[in-house]
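Worksheet: the structure to be examined is printed underneath.
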Amino acid sequence: MTAALVLAIAFLQVPGGLQPGAGIVTGSIQLETGGPAANVRVAAMAVDDPSSLVSVAETDSSGRYRLSNIPKGKYYIVAGRLDNLTYFPSGHAPAGATQVTVEAAKITPLGSFSVPGNSERPAPKILTASQAPEERNAFDRIKSERNTEARKKLMLAFEKTYPKSNRLAEVEIELSRTFAWQSDFATANQHAQKAVDAVSTMKSQIAQGGYDNSFKDWTRSLDDSARSNLAWTKSMIAWQQEQLQRALLRRR
């Protein structure tokens with residue numbers, strides 16, 4: 001293995017590290033009805049390849065987002081559901097969009113833009129079959145924690161302490177998104193797979209009977225979210241590998 005390859009792989013494995021030749025785009029999103037748009041997926045779309053979404057992130061509770069590791073070039077910034085994307089600064093098609101130039105090792109701040117109310121990722125219903133007070137308190141601490149690193153530690157502790165919890169799938173999905181936000185897509189993919197496995201366990205419990213329709217509906221919704229998240233993490237790993245190959249080719 002060449003020294004250049006070792007260096008490139010090591011850099012990609014550093015959570016939050018900015019890859020060579022890549023930049024950052026930041027901004028915020030509002031709802032068309034007013035107020036910040038929380039839990040909305042945001043991505044950079046290559047102008048010359050609209051089928052490719054780069055550096056997907058999710059807005060925080062204030063509607064802010066940070067797209068990291070975008071290869072230098074021209075992009076559209078899009079947000080919302082895949083079947084109804086909103087383009088910065090407005091509209092649902094590239095014709096009304098502004099091309100954003102991303103430069104290497106630089107942050108490009110954008111103004112706010114608005115998305116429809118249904119662009120938000122729906123929060124899973126808080127329904128469980130049975131839950132001990134200690135488990136419920138541990139989950140509530142995760143929900144109330146706002147510091148990213150502290151929240152991640154609480155989720156990892158929950159995963160270890162309550163491996164059979166009906167809240168485990170939710171925790172694994174959020175862990176996956178947290179690691180993805182830090183550009184550690186390999187670990188994000190591991191937790192995404194654990195989320196799918198946890199939902200499969202819940203579906204097996206339902207098959208044995210004794211669960212109401214609300215719990216069944218919640219499980220189906222959770223299943224869709226877990227599988228969608230797993231597919232996304234796999235696509236981001238493939239993107240990282242593609243970028244690595246391109247970097248190696250340029251070094252030759």
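Computed from the coordinates by the stated procedures, all read-outs in this text should not be read as laboratory data. All values derive from a computational prediction rather than experimental measurement. Heads up, the Cβs are rebuilt from the backbone with ideal geometry, glycines too, and the neighbour counts pull from every protein chain shown.
For the range 76-92, backbone phi angles converted through the Karplus equation (6.51, -1.76, 1.60; θ = phi - 60°) give residue-by-residue couplings of 9, 9, 10, 8, x, 6, 4, 8, 7, 5, 9, 9, 5, x, 5, x, 10 Hz, Gly and Pro being listed as x. With the charge dipole of the chain set up from +1 on Lys and Arg Cβ and -1 on Asp and Glu Cβ about the Cα centre, the Cα lying farthest toward the positive end among the listed residues 199, 119, 183 is that of 183.
Normalised by 2.2 N^0.38 Å, where N is the number of residues, the C-alpha radius of gyration of the chain stands at 1.08.
Over the chain, what is the mean sequence separation of C-alpha contacts under 8 Å (at least six apart), divided by residue count, expressed as relative contact order in percent? Kindly include the intermediate steps, with their values, before the conclusion.
On the way: 411 pairs, mean separation 44.0, N = 252.
It comes to 17 percent, rounded to a whole number.
Put a plus charge on the Cβ of each Lys and Arg, a minus charge on the Cβ of each Asp and Glu, and nothing anywhere else: the dipole of the range 17-121 about its Cα centre is then about 200 debye. 3J(HN,Hα) couplings calculated from phi for the range 213-228 with the Karplus curve 6.51 cos²θ - 1.76 cosθ + 1.60 (θ = phi - 60°) are, in sequence order, 5, 4, 5, 5, 5, 4, 5, 5, 5, 5, 4, 4, 5, 5, 5, 5 Hz; Gly and Pro show x.
What does the helix-only formula give at 222 nm for the chain: each DSSP H stretch with n ≥ 4 adding -39500 (n - 2.57), the total divided by the residues, and the result rounded to the nearest 500 deg cm²/dmol?
Values: 6 runs with 112 residues, N = 252.
It comes out at -15000 deg cm²/dmol, rounded to the nearest 500.
Taking 176, 112, 214 in turn, the Gaussian network model of the chain (Cα-Cα springs below 10 Å) assigns the largest fluctuation to 214. Round to a whole angstrom and tell me the spacing of the C-alpha centers of the range 214-231 and the range 144-211. Distance between centres, Cα-based: 12 Å. Evaluating 6.51 cos²θ - 1.76 cosθ + 1.60 at θ = phi - 60° for every residue in the range 101-114, the Karplus couplings come out as 8, 9, 10, 5, 6, 10, 9, 10, x, 10, x, 6, 9, 10 Hz, glycine and proline recorded as x.
Global size of the range 58-197: 17.9, 54 Å for Rg and Dmax (C-alpha atoms, Rg to one decimal, Dmax whole). In a reduced charge model with +1 at each Lys and Arg Cβ and -1 at each Asp and Glu Cβ, the chain shows a dipole moment near 540 debye about its Cα centre. P(r) tail for the range 17-121: Cα pairs beyond 25 Å make up 12% of the total.
The count of lysine pairs in the chain whose Cα atoms are under 18 Å apart, excluding pairs fewer than 8 places apart on the same chain, comes to 18.
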